[in-house]
Amino acid sequence: MKPVWIQHAAQLATIAGENGPRKREKMSELGIIEDGSIWIEDGVIQAIGTTEELQKQYGDRAADAEVIDASGRLVTPGLVDPHTHVVYGGSREREFEMRLEGATYMEIMNAGGGIHATSRMTREATEDELVEQSTRRLDSFLIHGVTTVEGKSGYGLNWETELKQLRAAKRLNETHPIDLVSTFMAAHAVPLEYKGMEDEYIDSIINDMLPIVAEEKLAVFNDVFCEVGVFTPEQSERILEAGKKLGLIPKIHADEIESYGGAELAAKVGAISAEHLLKASDEGIQQMAEAGVIACLLPATALFLREQAAQGRKMVDEGVAVAISTDCNPGSSPTTSMPLVMNLACISMRLTPAEALVAATMNAACAIGMEAKVGSLEVGKQGDVVMWDIGNYQELQYLFGVNHVDKVFKKGVRVVG
């Protein structure tokens, strides 16, 4: 594999300096190098600096490299999406119409739609069919500059299908250019066959499913939907603590529809991240800041559901590390566009353009434990790089609804453009 030498970037946003979640004013530090240059070899960044500096170091090897002229362009790390449900079967476009006609999220779910509808379609799909459908979604992520994705199970709601989802995700991680990090989420909803027997389903998750997930290393994280009508904070804590004992890192879908103590629970159990948080309480936000829980915010989901977005500005100001994500899923956010999510983070949550870029790179990487490999452009990290057909990072957030990706490199291989 030939080395890749990117030269003359108008702005090279390295987001280098701290290999951990950025908070407060640190979320605005992009480490910009003008007339920037990167040398990638064997899939890893070997040098980064100005074009003049790298010319002195590598000029005599130019003939051996794939030389990329980035004149007039912005270059950033590959985007990281830290919260998706990318592996699933079927589609739910009819529910979009129902919602526009006045049905609520929980009304659709209680009528057998929502998660239960996707559960049926995912149960019916073969593993090969799940891989085929999800490959198309990952291809779309890549085209939008995303090089690392977290993917949850949770549309099986029985062990056979949860296992099928996790195995499909494992295959995708091995065969697709994108790095796909798996999360176990059988606690996404209570299956219809367990209605009125919620504790029995929780027992099955804890006693039957979690031990196999841990033993076979099918997931890194364990997630639960802590919400009124789904799992209580007490039930959620049981599931997350059981996963912790087996080495699975806790995540939590928290305070999406009602303020329900999910943010507080995230702090209590030491979750790496709490997701959604549209209705998080002031106390919950403070406790997350003190406990170092990353807030993974999903502005496209709020837009799609026509809800008020999470208090991203408040969270940043109060010292919570904020990441952002598409929440790619068939019911409430069927998008793969992280650039759109960055735009929405500015428009609906009042993040600055710099904060939105950090939230989609370094903080997103930290939310899935990948910060040692991705999330910034630094020597020793993977050569995951996006070249944008714009001149600066402000344009990336200002010109919304447009895909500005010119080229994408994954581990030093050009995969787009």
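Computed from the coordinates by the stated procedures, all read-outs in this text should not be read as laboratory data. Computed from a predicted structure; not experimentally measured. Cβ sites come from the backbone with ideal geometry, for glycine too, and all protein chains shown count toward neighbours.
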- Message: How tilted is helix 282-291 with respect to the longest principal axis of the chain? Cα atoms for both, answer in degrees (0 to 90, nearest 10).
- Response: 60 degrees
- Send over the semi-axes of the chain's equivalent ellipsoid, whole angstrom and largest first, taken as the square roots of 5 times the C-alpha gyration tensor eigenvalues. 36, 22, 20
- Message: As a test of the formula, what do you get for the chain when each DSSP H run with n ≥ 4 contributes -39,500 (n - 2.57) and the sum is divided by the residue count, at 222 nm and rounded to the nearest 500 deg cm²/dmol?
- Response: -10500 deg cm²/dmol
- Query: If you line up the long axis of helix 159-175 against the longest principal axis of the chain, both from Cα atoms, how many degrees apart are they, to the nearest 10?
  - Reply: 10 degrees
- Tabulate in residue order the Karplus-calculated ³J(HN,Hα) for the stretch 105-112, using 6.51 cos²θ - 1.76 cosθ + 1.60 with θ = phi - 60°, rounded to whole Hz; enter x for Gly and Pro. 4, 6, 5, 5, 5, 5, 8, x
- Task: Can you grab the distance from the C-alpha centre of the stretch 240-270 to the C-alpha centre of the stretch 296-349, Å, no decimals?
- Result: 19 Å
- In whole Hz, with x marking every Gly and Pro, tabulate ³J(HN,Hα) for the stretch 386-394 from phi via Karplus 6.51 cos²θ - 1.76 cosθ + 1.60, θ = phi - 60°. 10, 9, 10, 7, 8, x, 7, 5, 5
- Note on the structure: Farthest towards the positive end of the dipole of the chain, among 37, 365, 212 and with Cβ unit charges of +1 on Lys and Arg and -1 on Asp and Glu, lies the Cα of 37
- Message: If each residue of separation counts as 0.36 nm, what is the full-extension length gain between residue 392 and residue 57 once their alpha-carbon separation is subtracted?
- Response: 118.0 nm
- Message: Pick from 402, 224, 322 the residue whose mean-square fluctuation is largest in a GNM of the chain, springs joining Cα atoms under 10 Å.
- Response: 402
- Message: I'd like the Karplus ³J(HN,Hα) series for the stretch 359-372: coefficients 6.51, -1.76, 1.60, θ = phi - 60°, whole numbers in Hz, and an x wherever there's a Gly or Pro.
- Response: 5, 9, 10, 4, 5, 5, 4, 5, 5, 10, x, 10, 5, 6
- Message: What three numbers, in Å, describe the spread of the alpha carbons of the stretch 155-298 along their principal axes, ordered from the longest?
- Response: 41, 40, 26
- Query: residue 318 to residue 228: FRET efficiency via 1/(1 + (r/R0)^6), r the Cβ-Cβ distance, R0 22 Å, to the nearest 0.05?
  - Reply: 0.30
- Task: Can you tell me the FRET efficiency between residue 241 and residue 42 if r is taken as the Cβ-Cβ distance and R0 is 35 Å, rounded to the nearest 0.05?
- Result: 0.25
- Size of charge dipole - the chain - debye, nearest 20, with Cβ of Lys, Arg +1 and Asp, Glu -1, no other charges: 480 debye
- Taking each pair of different alpha-carbon atoms in the stretch 343-417 once, compute 1/r for the pair, average those values, and report the inverse of that mean as the Kirkwood hydrodynamic radius in Å to one decimal. 13.3 Å
- Where does the stretch 1-70 land on the Kirkwood hydrodynamic radius, alpha-carbon pairs, in angstrom? 12.9 Å
- Query: Which whole number of Å³ per residue matches the convex hull of the alpha-carbon atoms in the stretch 173-219?
  - Reply: 87 Å³
- Message: If you take every DSSP beta bridge fully contained in the chain, what fraction is antiparallel? Give it as a percent rounded to 5.
- Response: 45 percent
- Virtual spin-label span in nm between residue 93 and residue 24, 7 Å along Cα→Cβ: 4.9 nm
- Message: Which one, 173, 207, 403, has the greatest fluctuation when you compute a Gaussian network model over the chain with C-alpha springs under 10 angstrom?
- Response: 207
- Scoring the stretch 264-417 by relative contact order with C-alpha pairs under 8 Å, at least six apart, yields a percentage of 17 percent
- Query: What's the angle, to the nearest 10 degrees (0 to 90), between helix 115-124's Cα axis and the longest principal axis of the chain?
  - Reply: 80 degrees
- Query: Taking 0.36 nm per residue of separation and subtracting the Cα-Cα distance, what length does fully extending residue 200 through residue 281 add?
  - Reply: 26.1 nm
- Taking the chain as a Gaussian network, Cα atoms linked when under 10 Å apart, which of 229, 49, 243 shows the biggest mean-square fluctuation? 229
- Note on the structure: Hydrodynamic calc, the stretch 375-417: Kirkwood Rh from Cα pairs, then Stokes-Einstein at 4 °C with viscosity 1.567 mPa s, so D in µm² s⁻¹ is 113 µm²/s
- Message: From the gyration tensor of the Cα coordinates in the stretch 32-103, what semi-axes in whole Å does the equivalent ellipsoid have, largest first, with each one equal to sqrt(5λ)?
- Response: 45, 15, 11
- Diffusion coefficient, µm² s⁻¹, Stokes-Einstein with Kirkwood Rh over alpha-carbon pairs of the stretch 81-190 at 10 °C and 1.306 mPa s: 111 µm²/s
